[in-house]
Amino acid sequence: IGTAMEQSEFSDCIFCESGKFLSGWGMTAASGCSMCLEGTYLSGTGLIDKSNCSLCHAGTYQTGSGMVADTNCTICESGKYQSNLGGKGETECKDCPAGKYQSGLGMQVELNCSLCFAGKYQHMPGITNPNGCFPCSAGKYSSASGLN
């Protein structure tokens, strides 16, 4: 299991390459090796089950299959966060809500989103820096943070 025979002559069985696994017996070609699915990667060789594929970390996602390292997982952009393991697409990166901003990459929880400072507000989600928070207009004030 986890290997395929490439030649009909006496030969050593060959491990499936990184990013792939093989759960059947008696396979005769590398085409029998299955790729790890999107949101996962597999750096080892000769593994026998999709459960051997590792999930991309929170704060990242991955859209391809057959990936071989966590570096193949894409980091969520500034202004976004992603809490789940095994993210399968950019849409799994959620915008920081209105009234908050976030300038880092690969953030994992909404708590990583910072509140706009007192005296400022923001109506739009996914803001990437405190300059996206607008000052209260003339004649108005706010002592609270995170206004939207």
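If I model a spin label as a point 7 Å beyond the Cα along the Cα-Cβ vector, how far apart are those points for ILE48 and GLU77 in nm?
A separation of 4.4 nm, rounded to one decimal place.
How far is it, in nm, from the label point at VAL109 to the one at ALA138 when both lie 7 Å from their Cα along the line to the Cβ?
Calculated label separation equals 4.4 nm.
Can you tell me the dipole magnitude for the range 33-135 around its Cα centre, using point charges on the Cβ only (Lys, Arg +1; Asp, Glu -1), in Debye to the nearest 20?
For the range 33-135, the charge dipole is close to 240 debye.
Provide Rg and Dmax in Å for the range 33-135, with only Cα atoms included in the calculation.
In order Rg, Dmax, the Cα atoms of the range 33-135 give 16.7, 59 Å.
When Lys and Arg each count +1 and Asp and Glu each count -1, what net charge do the other residues less than 14 Å away from MET67, Cβ to Cβ, add up to?
Values: positive: LYS20, LYS50, LYS88; negative: GLU17, GLU38, ASP70.
Taking every other residue near MET67 into account, the sum is 0.
Determine which lysines satisfy two conditions relative to LYS88: a Cα distance under 22 Å, and not lying fewer than 8 residues away in the same chain.
LYS20, LYS50, LYS80
Any idea how far apart ASN129 and CYS13 come out in nm if each label point goes 7 Å out from Cα toward Cβ?
In this crude spin-label approximation the distance works out to 5.7 nm.
Could you look at the range 22-126 and say what percent of its accessible area is carbon and sulfur, using a 1.4 Å probe and all protein chains?
55 percent
Given 10 Å bins starting at zero, what is the percent of C-alpha pairs of the range 12-57 in each, up to the one with the largest pair distance?
Answer for the range 12-57: a P(r) of 33, 52, 14, 1 percent.
Farthest toward the dipole's positive end in the chain, which of LEU55, CYS33, PHE15, given Cβ charges of +1 (Lys, Arg) and -1 (Asp, Glu) about the Cα centre?
Positive-most Cα among the choices belongs to LEU55.
The values are calculated or read from the model by the stated rules, or taken from the named source; none is laboratory data. Everything quoted here is computed from the prediction, not taken from an experiment. Don't worry about glycine lacking a Cβ; one is built from the backbone with ideal geometry, like all the others, and counts go over all protein chains shown. For accessibility, only protein heavy atoms count, side chains too; no ligands or nucleic acids. Shrake-Rupley method; radii C 1.70, N 1.55, O 1.52, S 1.80 Å.
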